[in-house]
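Here is the structure we will look at.
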Amino acid sequence: MKKEKSIFVKVGYLLGIIFCLVASISLVYASYMMISWTFSEHPDIVYSDYSNSYDYYENEKSGQDSDTISDTINGETIMFQELGFEKYAGLVEVSYNLNVPSDTDSNGLEIYFVKSVNGYYQFANSYDSIVTDYKSCQKKNVMTTSGSCTIGNGGGIIIYNTANKPRSFTLSFTIKYDPSLIESN
Amino acid sequence: MKKYNITLESAYAISMIILFSIVYITILVLAFTFLYDGYLEWFANKQGTEFGFYTGIIGVILFVGVLWALFPKKRDGIVLKKKDAPKLFELLDKAVAKTQIHPIDTIRLVPGSSIAVTGLFNKQLLVGIASLRYITEKDFEAILYHEIGHFAAKDTKVGSFLGVYFETLEKQYISSVKFWNYSPHYAIAIIGLPSLAMSWLLMHLFSFLYAPYSKFREYKADEFAASHSNPKQFANALVHYSAYTYAHDVIMPQIIVQLLSENKKLTNVYATMTNYWHKENAEASMNAVLSDTEQFKDSHPSLQNRLKNLDVTKVNENEGKTLKTMFPEFEKFEEQLSDDYTIRIGINSGLLDRSTKSLD
């Protein structure tokens, strides 16, 4: 009564065993990734640290404004400085200059420009996803850098400390705009 | 020192157990990760995946499925005592002694027609009460050896392990379907689609992997039965038992559904079946089971293939005393299990709620 298994059956079992083992290893890896993500640090969502600290309307007639921010970011934090106008029918050009004190470490300090406040929300929620809004003007691990970027309504600059250590910087910037494009209520 | 002979089949069974244990753990991890992501978004104001609203809901659906699966199903049927069917116990003792397996702990009469075995530690023989009126003592003995063959090969241990995981997947699927059904709007219902798709895919993967293994275990149990009775006796039992249960499982649900829709029920489903077991139905059932073709995802091989495996081409009439003669009060048991079968059919047909426990 005992019958020998055909070669197809043996190959079928072998393939099944290989499939089960490969799938098991993949799932263990996926579980590990999920557990790692769960226990990784999840920084607070900071919508705007300085959004109310700067009033552009004071000098709106000049069509150009400048300011400097010096600060230290403790731990992994996202700061957002709004630079545009709430109601502005055009684009604003921002020239900036960022300096990190020479006796400190800039590793992990990143800056990004976002054209609108939505770009900031996207960044804050998933900073590693592909969001073209802030990719064009990004700078990472900067010590001293300058440049310019164009933003729109509600846009601004993001200063992101990815390191879990304090990072100090000085950011000076100038914005150029057309006062006639500022819409009054 | 005990020697273990690892065959390809046992290695495959072990790898399936490993895979579905890890699938189970992954579902748990996924449920907790999604719940945590939802918590980050809703309550902690911290950065998560950005999709915390959706993942939180999916996490809840998965978690409900996992929790639900922890509550075991109520065991159907009546546990037999020796005084209920002394001859059946004698027959079982004889078969156990002949095959030298560890004794079977429990015989349970269950609604319906299936004869099966189950149990990880507690060996149980399940006898579908519908088979008592038709199957002969000799045929039952041959089928008993087939079931003992499953115990001897430890198939019930593998089946019990995998059964826990399959039940979890099944309950994940049902909780996803319920979320879909009870969502007030499609825009909300669609959030549960990933968990519905995942549980559906995993259930099918499970069937896909388990079916070929299960079929080979059935062939082995057939060979075990044939070697302990004889191939012709077992083949005869298999064919007649299959034909009767096929007729029962086709005819009785139709009658029960009809009666339930008129708010009526049968007091003894199994006695009613004898009225429909006439020559035409018997021939039609026999033709149906003998011509049935095997599908890849079937857990059992087709009858044709099983007969071919036993090298049996001709089947005799089934003659002799039926199994019911071993039960002094078999009608009492039939009536006790009649409502259980009716409820099962009512739930499957959607006429009764899943929580229905009694028809009184």
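The values are calculated or read from the model by the stated rules, or taken from the named source; none is laboratory data. Not measured: the values here are computed from a predicted model. Ideal geometry is used to build each Cβ from the backbone, glycine not excepted, and the neighbour counts take in all protein chains shown.
Of all residues being out of contact with any Pro (no Cβ under 7 Å at 6 or more places or on another chain) and facing chain A (nearest Cβ under 10 Å) in segment B:47-70, which is surrounded by the fewest Cβ atoms within 10 Å (Cβ to Cβ)? Just the residue, please. It would help to see each step written out before you state the result.
Taking segment B:47-70 and keeping what is out of contact with any Pro (no Cβ under 7 Å at 6 or more places or on another chain), we get B:48-57, B:59-70.
Within this subset, residues satisfying the condition of being facing chain A (nearest Cβ under 10 Å) are B:48-52.
Working: B:GLY48: 25, B:THR49: 17, B:GLU50: 17, B:PHE51: 15, B:GLY52: 24.
Ranking the candidates gives B:PHE51 first.
Okay, residues lined up against (1) among the hydroxyl-bearing types (Ser, Thr, Tyr); (2) at pLDDT 80 or above; (3) touching a Gly at 6+ places or on another chain (Cβ under 9 Å); (4) surrounded by fewer than 18 Cβ atoms within 10 Å (Cβ to Cβ):
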| residue | (1), (2), (3), (4) |
| --- | --- |
| A:PHE80 | no, yes, yes, no |
| A:LEU109 | no, yes, no, no |
| A:ASP128 | no, no, no, yes |
| A:MET143 | no, no, no, yes |
| A:ILE159 | no, yes, no, no |
| A:ARG167 | no, yes, yes, no |
| A:ASN185 | no, no, no, yes |
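Run down B:VAL64, B:VAL96, B:VAL117 and say which single residue is part of a strand (DSSP E or B) and either more than 26 Å from B:GLY346 (Cβ to Cβ) or more than 23 Å from the chain's Cα centre (by Cα) (or both). Steps first, answer last, please.
Details: B:VAL64 fails: part of a strand (DSSP E or B); B:VAL96 fails: part of a strand (DSSP E or B).
Selected residue: B:VAL117, the only one of B:VAL64, B:VAL96, B:VAL117 that is part of a strand (DSSP E or B) and either more than 26 Å from B:GLY346 (Cβ to Cβ) or more than 23 Å from the chain's Cα centre (by Cα) (or both).
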*Taking into account only those residues within segment B:3-46 that are more than 10 Å from every other protein chain (Cβ to nearest Cβ) and not in a helix (DSSP H, G or I), which is nearest to the chain's Cα centre (by Cα)?*
B:ILE6
*What is the one condition in (1) more than 14 Å from chain A (Cβ to nearest Cβ); (2) at pLDDT 90 or above; (3) in contact with a helix residue (DSSP H, G or I) (Cβ under 8 Å, 6 or more places away or on another chain); (4) farther than 19 Å from B:ASN348 by Cα that B:THR245 does not satisfy?*
(4)
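Can you name every residue in segment B:336-353 that is part of a helix (DSSP H, G or I) and surrounded by 15 or more Cβ atoms within 10 Å (Cβ to Cβ)? Break it down into steps so the answer makes sense when it comes.
Keep residues of segment B:336-353 that are part of a helix (DSSP H, G or I), which gives B:336-348.
Once the filter is applied, which keeps residues that are part of a helix (DSSP H, G or I) and surrounded by 15 or more Cβ atoms within 10 Å (Cβ to Cβ), segment B:336-353 yields B:GLN336, B:LEU337, B:SER338, B:ASP339, B:ASP340, B:TYR341, B:THR342, B:ILE343, B:ARG344, B:ILE345, B:GLY346.
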_Contact list please: Cβ distance under 9 Å, first residue in segment B:56-74 and under 19 Å from B:THR356 (Cα atoms), second residue of a type in the set (Gly, Ala, Ser), pairs at least six apart or on different chains._
B:TRP68/B:SER175
*asked:* Exactly one of these conditions fails for B:GLU223: (1) within 14 Å of chain A (Cβ to nearest Cβ); (2) more than 30 Å from B:LYS154 (Cβ to Cβ). Give me its number.
replied: (2)
*Of all the residues that make up segment B:67-93, how many are part of a helix (DSSP H, G or I) and of a type in the set (A, V, I, L, M)?*
6
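So that you can scan it fast, the table gives a plain yes or no per residue for (1) away from every other protein chain (no Cβ under 11 Å); (2) free of Cβ contacts under 8 Å to residues at least 24 places away in the same chain; (3) crowded, with 21+ Cβ neighbours inside 10 Å; (4) out of contact with any Asp or Glu (no Cβ under 9 Å at 6 or more places or on another chain):
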site	(1), (2), (3), (4)
B:SER199	yes, no, yes, no
B:MET203	yes, no, no, no
B:GLN254	yes, yes, no, yes
B:ASN263	yes, yes, no, yes
